[in-house]
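Structure, as structure tokens:
The values are calculated or read from the model by the stated rules, or taken from the named source; none is laboratory data. Everything quoted here is computed from the prediction, not taken from an experiment. Quick reminder, even Gly has a Cβ in these numbers, built from the backbone with ideal geometry, and neighbours come from all protein chains shown. We work out accessible area using only protein heavy atoms, side chains counted, and drop any ligands, DNA or RNA first. Shrake-Rupley method; radii C 1.70, N 1.55, O 1.52, S 1.80 Å.
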Amino acid sequence: MKNLALTGGKSTRDVKTNPWPQWPIWGPEEEKALLEVLHSGVWSYNGPKETEFNKRFAEFTGVRHAICAVNGTVTLQIALEALGIGLGDEVIIPGLTWQATAATVIDVNAIPVLVDVMEDTWCIDPEAVRKAITPKTKAIVPVHLYGGFADMDAIMEIAHEHDLFVIEDCAHKHGGEWKGKKAGSIGDVGSFSFQLSKHLTAGEGGVVTTNNVDLAERLDALRNCGRRPEGDSLIGADKGIGTYGDDGNFIQSGNYRITEFQAAILIEGLKRMPGQNATRDANGAYLNALLKDIPGITPLRRDERETKKAYFNFAFRYHQEEFKGLSVDRFRSALEAELGIVVDACYEPLNNCSLYVPHTKPSRHKLNEEYWAAIDPKRFSLPVCERIYREESVCLHHKVLLGSEQDMDGIAEAIRKVYEHADELMTA
Ligand SMILES: *Cc1c(COP(=O)(O)O)cnc(C)c1O
């Protein structure tokens with residue numbers, strides 16, 4: 001008799017009778033808000049919902065300015081552009097992140113410099129950042145990955161020492177806090193995504209945050225065809241302060257605006273998020289405590305300086321040698337069968353990532369031979385990223401963290417079950 005679901009045994013969770021929480025979450029509030037927009041005829045362009053959301057998100061994040069844009073890729077791109085980063089500049093980013101963190105750097109003609117991450121948090125390694133600094137370095141883009149927090153004390157110290165900009169990629173970290181300061185309020189600019197997989201979502205969308213009024217005006221223009229901010233739409237009380245002349249357009253750009261429908265959903269989602277974050281954080285901490293006691297499983301380290309966690313997808317580290325040699329791929333498949341939910345590896349490291357392939361587009365990126373060589377991802381060595389991706393990473397969608405403590409017990413039970421019966425998979 002086999003025990004594991006993958007070998008024909010009974011699964012730990014029966015998702016037909018006991019489904020996981022659904023994502024996204026919405027209710028009558030979203031329906032009402034969407035209809036309000038529909039009936040108003042104001043479907044886009046600095047409308048009341050966008051203005052309200054920007055204001056609420058700035059307050060929530062503890063910054064003076066928040067500016068929505070079409071997605072969390074464009075927000076990274078306009079952050080780089082607003083800081084004047086472009087041809088000849090180097091931008092240091094972690095090798096373990098979504099491809100957008102790197103793709104946006106080449107899209108402004110700068111050079112992404114990929115550095116390794118910490119094995120216990122999967123976030124950028126400050127020592128690796130230090131080693132990668134050259135006279136061409138202009139900025140660091142730390143990513144708060146899978147609900148972890150980059151060591152912002154170390155990053156800001158390095159940035160001050162070397163006069164570098166810091167753009168926080170907060171696509172996984174809405175509402176997290178480092179020593180009482182929200183993610184997105186510590187660096188020069190914060191960039192957030194509202195794509196469907198993120199824990200505040202309108203299907204697509206993004207926002208940039210900053211305390212700097214000049215940057216805010218540039219960011220606002222960059223998402224709006226280069227137009228200078230109008231009326232109260234951008235900055236309310238700060239209206240009129242900044243670096244503009246009186247002569248209309250001031251910067252070359254395109255249309256990266258969101259719609260009022262998205263903003264309407266985001267306003268309601270932002271009201272729900274603190275409660276959802278509290279549930280995810282309580283469950284994440286509880287589950288991590290359970291995982292500590294399972295051989296071969298290491299929870300990710302949560303830094304003491306994180307005053308609010310904001311768990312995103314739930315990730316942990318796996319050690320094959322303690323699971324009788326069972327490969328991490330087989331482990332993930334076995335866990336997936338036990339739990340009835342997708343169990344993924346982390347992102348592919350960017351030095352070998354199927355979606356980060358700058359050399360496929362010479363017409364755009366072959367600015368000259370030197371640049372072409374500099375943006376070759378393969379020139380970077382990322383041993384920690386590669387080990388995490390190939391051997392250790394196990395990731396579950398954040399919706400599991402919206403369940404109950406019993407659901408967390410079930411996840412730990414399923415992992416233990418695979419541990420105890422790993423031998424069933426060794427011959428299969
Ligand atoms: C999702 C994501 C982005 C990009 O956001 P989109 O809204 O999907 O364009 C950027 N960085 C990270 C780390 C992300 O996870």
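Annotations for the structure displayed:
- The one condition in (1) surrounded by 15 or more Cβ atoms within 10 Å (Cβ to Cβ); (2) modelled with pLDDT of 95 or more that N46 fails to fulfil: (2)
- Any hit, segment 367-375, residues being free of Cβ contacts under 8 Å to residues at least 24 places away in the same chain and either in contact with a Leu (Cβ under 9 Å, 6 or more places away or on another chain) or aromatic (F, W, Y) (or both): yes
- Identity of the residue in segment 416-428, at pLDDT 95 or above and assigned to a helix (DSSP H, G or I), that ends up most open to solvent (accessible area, probe 1.4 Å): E420
- Residue match in segment 175-188 (condition: aromatic (F, W, Y), outside any strand (DSSP E or B) and under 26 Å from N277 (Cα atoms)): no
- Residue within segment 184-204 that is under 15 Å from D303 (Cβ atoms), away from the ligand (no atom under 12 Å from the Cβ), buried (at least 20 other Cβ atoms within 10 Å of the Cβ) and not basic (K, R) present: yes
- Condition met for E127 (in contact with a Lys or Arg (Cβ under 9 Å, 6 or more places away or on another chain) and either among the acidic types (D, E) or touching a residue at least 24 places away in the same chain (Cβ under 8 Å) (or both)): no
- Residues in segment 189-216 that are in a loop (DSSP other than H, G, I, E, B), farther than 20 Å from P274 by Cβ and among the charged types (D, E, K, R): E204 alone.
- Pick from segment 59-71, criterion over 15 Å from I267 (Cα atoms) and open to solvent by 10 Å² or more (accessible area, probe 1.4 Å), ranking: nearest to the ligand (Cβ to nearest atom): N71
- Complete set of residues in segment 139-169 that are within 27 Å of F316 (Cα to Cα) and among the charged types (D, E, K, R): D151, D153, E168, D169
- In the set (1) under 17 Å from L200 (Cα atoms); (2) open to solvent by less than 10 Å² (accessible area, probe 1.4 Å); (3) not aromatic (F, W, Y), R56 fails one condition alone, (2).
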